[in-house]
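Trainee: Could you have a look at this structure, given as structure tokens, before my questions?
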Amino acid sequence: MYKQSLILLLGIMLFVGLPCSCVGEGLDFEALRHKMVEQQIVARGIKDKGVIEAMKRVPRHLFVPEKYRRFAYHDGPLPIGEGQTISQPYIVAFMTEALSLQPHHKVLEIGTGSGYQAAVLAEIVDQVYTIEIIPSLARRAEALLRGMGYENIFVLTGDGYKGWPQHAPFDAIIVTCAPEEIPKPLIEQLREGGRMVIPVGPQDTVQKLILATKQNGKLRLQTLLPVRFVPMVRENDGLR
Ligand code: SAH
């Protein structure tokens, strides 16, 4: 009898305990995050202290769906629903560093996705404006960011190709989906001397990550890395 109840108790503990360990409860996310920053970010040459500190602070696991939470600090992108992905931590750090951000900067992001990149930016600069074309993702990111206490992130649902002219000019622009060429409105909305980081290239190919600096109204382009981002879709692509 005693043995039976012990087995039953063990069974219940396993049953209740398993789903928790599956979603990663019980993992020391802070320790995993610090390890991620040391091994994937600092060891690969990211030097900007603001970026390093921001990556240490933002709880990336809260931006990924529960079933992927235990992989949140792994060295790769993860699905976030609607066929979209949260970028690899190193790419987030690399693109953020390339913007040479200062605390007083106002930044525009195209492709809010999970809201993770926006949170990293908001740890470094005064104001972050971010645009997402898929309404459900925009709503989810906005609610999450608000719940986490970010008051300097403004989320817009819409086509980021057009930028956000009401708040232009921006000191920096970061694009996390890939258009075939740099959208003209974004060039116009970048402040003189400002920097834009953007993956450019046709769908389903490796794209070029470009750093564009605006000088005398024109862009000076520098290719940084080969990358693979989801395509920038347009409002009339049948998505909405
Ligand atoms: N920065 C995100 C990852 C974004 S994935 C993060 O940290 O999680 C790229 C996102 O760009 C997707 O959510 C996709 O829906 C969005 N996107 C694609 N085309 C867009 C457009 N024209 N305007 C705004 N967002 C767009």
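Trainee: Counting DSSP beta bridges in the chain, what percent are antiparallel, to the nearest 5?
Mentor: Here the share of antiparallel DSSP bridges comes out near 50 percent.
Trainee: Please name which of Tyr129, His104, Asn216 has its Cα lying farthest along the dipole of region 93-240 towards the positive end, using unit charges on Cβ (Lys, Arg +1; Asp, Glu -1) and the Cα centre as origin.
Mentor: Checking the options against the dipole of region 93-240, the answer is Asn216.
Trainee: Sort Val51, Val227, Val42 so that the residue with the fewest other Cβ atoms within 10 Å of its own Cβ comes first and the one with the most comes last.
Mentor: Val42, Val227, Val51
Trainee: Excluding Leu156 itself, calculate the net charge of residues whose Cβ lies under 11 Å from the Cβ of Leu156, where each Lys or Arg counts +1 and each Asp or Glu counts -1.
Mentor: -3
Trainee: Still on this structure, I have one more. Here are some pairs, Lys47/Lys218; Lys56/Lys218; Lys56/Lys214; Lys47/Lys106; Lys47/Lys67; Lys47/Lys162; which of them have Cα atoms lying more than 25 Å apart in this structure?
Mentor: Lys47/Lys218; Lys56/Lys218; Lys56/Lys214; Lys47/Lys67; Lys47/Lys162
Trainee: Then there is this: Among Tyr116, Tyr150, rank each residue by its count of other Cβ atoms within 10 Å, from fewest to most, as a rough exposure measure.
Mentor: Tyr150, Tyr116
Trainee: Using the crude model of +1 on Lys and Arg Cβ and -1 on Asp and Glu Cβ, and no other charge, please compute the dipole size for the chain relative to its Cα centre, in debye to 20.
Mentor: So the dipole magnitude of the chain works out to roughly 300 debye.
Trainee: Taking every pair of alpha-carbon atoms in region 2-237, what share in percent sits in each 5 Å bin, from 0 to the bin with the longest distance?
Mentor: Values per bin, smallest distances first: 1, 7, 14, 18, 19, 16, 10, 5, 3, 2, 2, 2, 1, 1, 0, 0, 0.
Trainee: Under the rule of -39500 (n - 2.57) per DSSP H run of 4 or more residues, summed and divided by the residues of the chain, what mean residue ellipticity at 222 nm is obtained, to the nearest 500 deg cm²/dmol?
Mentor: Helix contribution divided over all residues of the chain: -9500 deg cm²/dmol.
Trainee: Expressed as a rounded percentage, what relative contact order does the chain have, with Cα pairs under 8 Å and six or more residues apart?
Mentor: Across the chain, relative contact order equals 13 percent.
Trainee: May I ask for the net charge around Lys47, where only other residues with Cβ less than 14 Å from the Cβ of Lys47 are counted and Lys, Arg are +1 while Asp, Glu are -1?
Mentor: Net charge around Lys47: -2.
Trainee: Once R0 is set to 51 Å, what does the formula 1/(1 + (r/R0)^6) return for the Cβ-Cβ distance between Glu66 and Glu181, expressed as a FRET efficiency to the nearest 0.05?
Mentor: Using R0 = 51 Å, I get an efficiency of 0.85.
Trainee: For His167, His105, which order do you get if you count the other beta carbons within 10 Å of each Cβ and list the fewest first?
Mentor: By the 10 Å Cβ count, ascending, the order reads His167, His105.
Trainee: At 24 Å minimum axial length over the Cα atoms and a Kyte-Doolittle cut of -1.0, report the qualifying DSSP H helices in the chain, or say none.
Mentor: 2-23
Trainee: May I ask you to list the residues of region 220-236 whose amide nitrogen lies under 19 Å from a point 7 Å from Cα along the Cα→beta-carbon direction of Val206?
Mentor: Once the point is set 7 Å along Cα→Cβ of Val206, 222-231 turn out to lie under 19 Å by backbone N, inside region 220-236.
Trainee: Give me the one-decimal Kirkwood hydrodynamic radius in Å for region 103-240, with the sum taken over alpha-carbon pairs.
Mentor: Computed over region 103-240, the radius equals 15.0 Å.
Trainee: In the chain, with Lys and Arg counted as +1 and Asp and Glu as -1 at Cβ, which of these residues, Ile91, Ala72, His34, has the Cα nearest the positive end of the dipole, that is, farthest along it?
Mentor: Farthest towards the positive pole: His34.
Trainee: Could you work out the local net charge near Pro59, counting Lys and Arg as +1, Asp and Glu as -1, over the other residues with Cβ closer than 11 Å to its Cβ?
Mentor: +4
Every number here is computed from the coordinates shown, using simple stated rules; none is lab data. Since we're looking at a predicted model, the values are computed, not measured. A quick note on method: Cβ atoms are made from the backbone with ideal geometry, for glycine too, and the neighbour counts reach across all protein chains shown.
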